[in-house]
Amino acid sequence: MKVLVTGGTGFIGSHTIVSLIETGMKPVIVDNLDNSLPSVLKSLEAITQTTIPFYEVDCNDQEAINQVFEKEKDIEGVIHFAAHKAVGESVINPLKYYQNNVGSLIVLLEVMKKHQTPHLVFSSSCTVYGQPGQLPVTETSPIIPAESPYGNTKQICEEVIRDTVHSSQADLANFQLNAILLRYFNPIGAHPSGHIGELPLGVPNNLVPYITQTAAGIRDTLTIFGNDYDTPDGTCIRDYIHVMDLAEAHVKALQLLANKSENGSICEVFNIGTGKGNSVQELVHTFEKVNNLKLNYEFGKRRPGDIEQIYASVDKANQQLGWQTKRSLEDGLRDAWNWQQKLIK
Ligand code: UDP
């Protein structure tokens, strides 16, 4: 299957390219390099020993996206990663987020409709659940009003996709769309080769790149945001999933779409996590242990808007996608440090 991957040089996108090629699929990358570097393409080609078609195109540019479809001819599926993702920035500049994240999805769907491209896998997020009343959180847990414009764009995009699939179920629409919405938990780690990984530009917002940069001496001290939460050690709990496991879920999603769509349109949601929660403090200790080093850290104030705890039920993904995680938290933290060390050299 030839698959258009928007945001294919980003963190999750680049690892997914590797998994797609390993499975014999043919990815085509579209990325405007807004938050990634052209060197990622070279690294991907080194890992996979494959030349990967790449288009430096903004997903909001309908004419340019259309040209990619025309040139590549037989694109059967799209994985849409490309989006802005900084929660804090989205509060300051909401229009940028609505325009880019929602606008680019609509552009893609229009072009997919024009070319009768049937399969879409969309990057959603566990932020749609807010602070769940019950843990682990399942796909049928309530969606709560988003705390940030970023979170809201994920909810809106899910609805846009659901409505489009629904319209294609009514025969009149002349466009049969099938979609899988993957709600990611917290991706960590890197490809074990150390050729690709997370590349935050500027000061990292996320925990693991902040940890690895502190260990590398790029940052002085990691601040753990709050140790007075109602959790066993007082720090927040998340479900940290190895990015290669997350990448493999996209391959399974495309395979499910290809097999199921014979019998009419589908739109399915899956949680993609490990099913296990770890606290920030546990993460720091595990990082120190597996990499045999000491991390400079201190406890600070809570970060506004943080969820106290969340982790996934992954039963649906295990059963219906036939997907499971293969890598541990330790693997993720080892691979993240391996990647950071190669970056310094
Ligand atoms: N965190 C922290 N210090 C940091 C960055 C993050 O203590 O410098 C905590 C944050 O409060 C949260 C967890 O690490 O409890 C994961 O944060 P991240 O931003 O990586 O993911 P998200 O909050 O979106 O799940």
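Within the option set 161, 196, 218, being under 27 Å from residue 336 (Cβ atoms) and buried (at least 18 other Cβ atoms within 10 Å of the Cβ) holds for one residue only, 196. Going by the conditions given, is residue 327 crowded, with 18+ Cβ neighbours inside 10 Å, part of a helix (DSSP H, G or I) and either modelled with pLDDT of 95 or more or within 16 Å of the ligand (Cβ to nearest atom) (or both)? So residue 327 fails the test. How many residues, within region 228-255, are under 20 Å from residue 296 (Cα atoms) and near the ligand (Cβ under 9 Å from one of its atoms)? So the count comes out to 2. Taking only region 330-345 into account, find how many residues are buried (at least 18 other Cβ atoms within 10 Å of the Cβ) and modelled with pLDDT under 95. Residues that pass the stated criteria total 0. Could you tell me whether any residue of region 177-192 is closer than 22 Å to residue 8 by Cα, within 16 Å of the ligand (Cβ to nearest atom), in contact with a Lys or Arg (Cβ under 8 Å, 6 or more places away or on another chain) and not small (Gly, Ala, Ser)? Yes, because at least one residue in region 177-192 is closer than 22 Å to residue 8 by Cα, within 16 Å of the ligand (Cβ to nearest atom), in contact with a Lys or Arg (Cβ under 8 Å, 6 or more places away or on another chain) and not small (Gly, Ala, Ser). The single condition among (1) closer than 29 Å to residue 162 by Cβ; (2) more than 9 Å from the ligand (Cβ to nearest atom); (3) of a type in the set (A, V, I, L, M, F, W, C) that residue 310 does not meet is (2). Does residue 272 count as under 22 Å from residue 1 (Cβ atoms) and within 16 Å of the ligand (Cβ to nearest atom)? Yes, satisfied.
Look at (1) in contact (Cβ under 8 Å) with a residue 60 or more places away in the chain; (2) assigned to a helix (DSSP H, G or I); (3) within 30 Å of residue 177 (Cα to Cα); (4) under 21 Å from the mean Cα position of the chain (by Cα) and you find that residue 318 fails only one, number (1).
Of everything listed in (1) over 30 Å from residue 315 (Cβ atoms); (2) among the β-branched types (Val, Ile, Thr); (3) in contact (Cβ under 8 Å) with a residue 12 or more places away in the chain, the single unmet condition for residue 127 is (1).
Would you check if residue 102 is surrounded by fewer than 21 Cβ atoms within 10 Å (Cβ to Cβ) and farther than 21 Å from residue 65 by Cα? It is false that residue 102 is surrounded by fewer than 21 Cβ atoms within 10 Å (Cβ to Cβ) and farther than 21 Å from residue 65 by Cα. Restrict the check to region 5-20 and report whether at least one residue is over 17 Å from the mean Cα position of the chain (by Cα) and within 22 Å of residue 73 (Cβ to Cβ). Scanning region 5-20, I find no residue that is over 17 Å from the mean Cα position of the chain (by Cα) and within 22 Å of residue 73 (Cβ to Cβ), so the answer is no.
What residue, among those in region 293-303 that are touching a strand residue (DSSP E or B) at 6+ places or on another chain (Cβ under 9 Å) and of a type outside the set (Lys, Arg), is nearest to residue 147 (Cα to Cα)? Per the stated criteria, the residue is 300.
The values are calculated or read from the model by the stated rules, or taken from the named source; none is laboratory data. Values in this document were obtained by computation on a predicted structure and should not be read as measured data. Positions of Cβ are generated from backbone atoms using ideal geometry, with glycine treated the same way; all protein chains shown enter the neighbour counts.
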